[in-house]
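A.B. asks: Dropping a structure here in structure tokens format, bear with me for questions.
The values are calculated or read from the model by the stated rules, or taken from the named source; none is laboratory data. Just so it is clear, the model here is predicted, and its values are computed rather than measured. In this analysis, Cβ positions are derived from the backbone assuming ideal geometry, glycine residues included, and neighbour counts consider all displayed protein chains.
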Amino acid sequence: MTGPRPAARRRRPFGEVPGLGTLAAGFLVFLYAPIAVLVAYSFNAGSIVMVWTGFSTDWYARAFANADIRQAAFNSLVVAVTATAIATVVATLAALVLARGGRFRGSEAVLGLISLPLMVPEIVTAVAVLVFFSGIGLNLGLGNVVIAHVTFCIPFAFMPIRARLDGMDTTLEQAAQDLYASEWATFRLVTLPLLMPGVLAGAMLSFVISMDDFIITMMVAGAGDTTLPVYIYSMIRHGITPEVNAVSSILLLVSIVLVTLYWFMTRTGPGTARR
């Protein structure tokens, strides 16, 4: 007769390393406490950033009433939407070729080329794009910023689209072809609807990256092509006020909303879709 079974040991959420949970919590506080302070002081009634004088939303009203901020936000929106649309189309085509086109000579080199902007420091990409534009004499105003943003948005759009394609079951596509559907009809009616969560996730990720970019935009933007991150930097150079905190908080809110939507769209795999 066997004796009582020993009680199961309770697993620690951070493993068996003592103090790892405390270290992780301290690291998160170190990362996010400055952001929380920035958001809190954006509601400061006084004009001095770090001296709290009372709660007020006047700085948000001033930010929305500032014509320069509205123009910079409009430029950022135009650049982000245009760059996202182009990057998503290119990334979708590249993912389809690499995932559905079979192995071909140079496929790994193409994959590495697409992923290169993720590995190269952003300042290197900014200098390279600036030298390229100067070398060919390209001066399209805000179009230069759009082209530069497309170059580094493509890999961010490519990753979720390629992951979605790799996880998709090809049974429905094969069934459509067995029923004499053309390749275009199969793609439009079967592949694209199944791929759409990955496409939307890649588009949202690209949009966030483009909206928040500063270094590359600072390098290639010309006079009158100021985007919101560049305008925030110019505001800081003239002295930090709660208006800077308000504009930064709005930009942070937009990023959080889009990243949250991206997380919800990618937390479930293709296999969980309804049949």
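A.B. asks: Which residue is modelled with the lowest pLDDT, if the candidates are limited to the range 221-275 and must be assigned to a loop (DSSP other than H, G, I, E, B) and hydroxyl-bearing (Ser, Thr, Tyr)?
C.D. replies: Across the range 221-275, the extreme among qualifying residues is Thr268.
A.B. asks: Further, regarding this structure: When you scan the range 173-186, do you find a residue that is within 20 Å of the chain's Cα centre (by Cα), among the hydrophobic types (A, V, I, L, M, F, W, C) and either surrounded by 17 or more Cβ atoms within 10 Å (Cβ to Cβ) or over 28 Å from Val208 (Cβ atoms) (or both), even just one?
C.D. replies: no
A.B. asks: Restricting attention to the range 160-197, and to residues there that are under 19 Å from Ala95 (Cβ atoms) and among the β-branched types (Val, Ile, Thr), which single residue is modelled with the lowest pLDDT?
C.D. replies: Per the criteria, the residue is Thr170.
A.B. asks: Could you tell me how many of the residues in the range 188-233 are closer than 23 Å to Ile147 by Cβ and either among the polar types (S, T, N, Q) or touching a His at 6+ places or on another chain (Cβ under 6 Å) (or both)?
C.D. replies: Qualifying residue count, the range 188-233: 5.
A.B. asks: What is the residue count in the range 45-68 for residues that are surrounded by fewer than 21 Cβ atoms within 10 Å (Cβ to Cβ), in contact (Cβ under 8 Å) with a residue 40 or more places away in the chain and part of a helix (DSSP H, G or I)?
C.D. replies: 3
A.B. asks: Report every pair of residues separated by at least 6 positions or lying on different chains whose Cβ atoms are under 9 Å apart, first residue within the range 109-132 and closer than 24 Å to Ala221 by Cα, second surrounded by 12 or more Cβ atoms within 10 Å (Cβ to Cβ) and acidic (Asp, Glu).
C.D. replies: Glu122/Asp213
A.B. asks: Something else: Going through the range 151-180 one residue at a time, which ones are small (Gly, Ala, Ser) and in contact with a helix residue (DSSP H, G or I) (Cβ under 7 Å, 6 or more places away or on another chain)?
C.D. replies: Across the range 151-180, the qualifying residues are Ala157, Ala163, Gly167, Ala176.
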